[in-house]
């Protein structure tokens, strides 16, 4: 029997991580006779603009082949591991575990909605009940059912990457000691298959989180064999490393920005793309953020290019009224200080207007630049004295610094789902086999 298990919301602001619980489950399942993995475990990132998320809005899932008679016993095993992973304190965590017998098209549609919209726990709960899917709320509210159910619906991913996650003991948290130089050497050695691990423009390590969770580092790649090799080499170098696992994931695919919307249909917390014309010259706000007003046939909206996007922020300053653009990002709800806005993540320039410069005419006699002779008196040449009331100012069309094309944030501003520059044009999803060793222990 095919069984897909989805887990979400084991993490909290005080520590722990849903992916770490996934690593514990992988270790336990590997010791169970009769249970086989049909795919790598999944790390499924969902809409990054959801305000209720703890950190990266990620859930995990497993696709297994099990004897049907073992279903109830396996449920008990999984629920026990998740329960033992919970760090109590505060409103979170609110872990939910979902068990689905097989793949359902309606769950795939649910996953696609959860990538770009706000999906309520009530809707997720009713869908699970309608499809006869078992789910268990282990603590607090049932908000985690959205991520757990979406992680099940993600199977099978058609476009994906991989991430190697190396963990420390979650109950013995110390400062992370990861060498920038060693990660830089790794990135250069495997540049063809690694991505979004270092922002070289700021010399910032992107593989090391900063919270109290057990993740020591996470290295992203399109090749699991390379990640296996890196894991074996690094596990001894990182003195406090406890375990590691390779997840198949939708990270780096840009999956959250596939939906196009017109401006009038934007809703708070949507992730989407809009297309329209720049209405006025960009405004530089306090703090260095840039505001660009976009209009389409349905309305207009302000798009904010934050200073932290660095390269994208600089490009936005060069836009002009009339430029035709496509902007991808998250919708921020209106407040007393601003209306509905789009926080920009990507910018595709489709068409640029030419820059027009108006100059006084040149003298037809000596080619010197003429000056105004006074109101309604035409122009006068200051060099030879020639006058004319019929000569008009010149319009000169100048090329722009910008070119049509896709512009992205600097790597330090990437979201988990953002498609990095290094993966543009790369076909994702060709690695269809499972390597022998993808976790330890």
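Counting neighbouring Cβ atoms within 10 Å and putting the fewest first, the residues 2, 31 line up as 31, 2.
Relative contact order of the range 322-384, taken over Cα pairs closer than 8 Å and 6 or more residues apart, is 24 percent.
Specify the angular offset, from 0 to 90 degrees and rounded to the nearest 10, of the alpha carbon long axis of helix 121-130 from the longest principal axis of the alpha carbons in the chain. Helix 121-130 sits roughly 50 degrees off the main axis of the chain. For the chain, dividing the convex hull volume of the Cα atoms by the residue count gives 188 Å³ per residue. The P(r) of the range 1-123 has a tail past 21 Å containing 40 percent of all C-alpha pairs.
Given Cα pairs under 8 Å that are at least 6 residues apart, what percent is the relative contact order of the chain? It comes to 16 percent, rounded to a whole number. Cβ crowding within 10 Å ranks 185, 290 as 185, 290, fewest other Cβ atoms first. Taking only Cα atoms, what is the 0 to 90° angle, nearest 10, from helix 105-116's long axis to the longest principal axis of the chain? Compared with the principal axis, the helix lies near 50 degrees. Mean residue ellipticity at 222 nm, helices only, the chain: -6000 deg cm²/dmol; runs of at least 4 DSSP H residues each add -39,500 (n - 2.57), and the sum is divided by the number of residues. Of 306, 414, 69, the residue with the greatest mean-square motion in the GNM of the chain, using alpha carbon springs below 10 Å, is 69. Within the listed set 367, 83, 228, the residue fluctuating most in the Gaussian network model of the chain (springs between alpha-carbon atoms under 10 angstrom) is 367. The fewest-to-most ranking of 234, 320, 370 by surrounding Cβ atoms within 10 Å reads 320, 234, 370.
Take every Cα pair under 8 Å in the range 357-397 that's 6+ residues apart, average their separations, divide by the length, and report that relative contact order as a whole percent. The value is 42 percent.
If one takes the longest principal axis of the Cα atoms in the chain, at what angle in degrees, from 0 to 90 and to the nearest 10, does the Cα axis of helix 144-153 lie? Tilt of helix 144-153: around 90 degrees.
Every number here is computed from the coordinates shown, using simple stated rules; none is lab data. No experiment lies behind these values; they were computed from the predicted model shown. Neighbour counts are summed over all protein chains in view; Cβ atoms, including those assigned to glycine, are modelled from backbone coordinates with ideal geometry.
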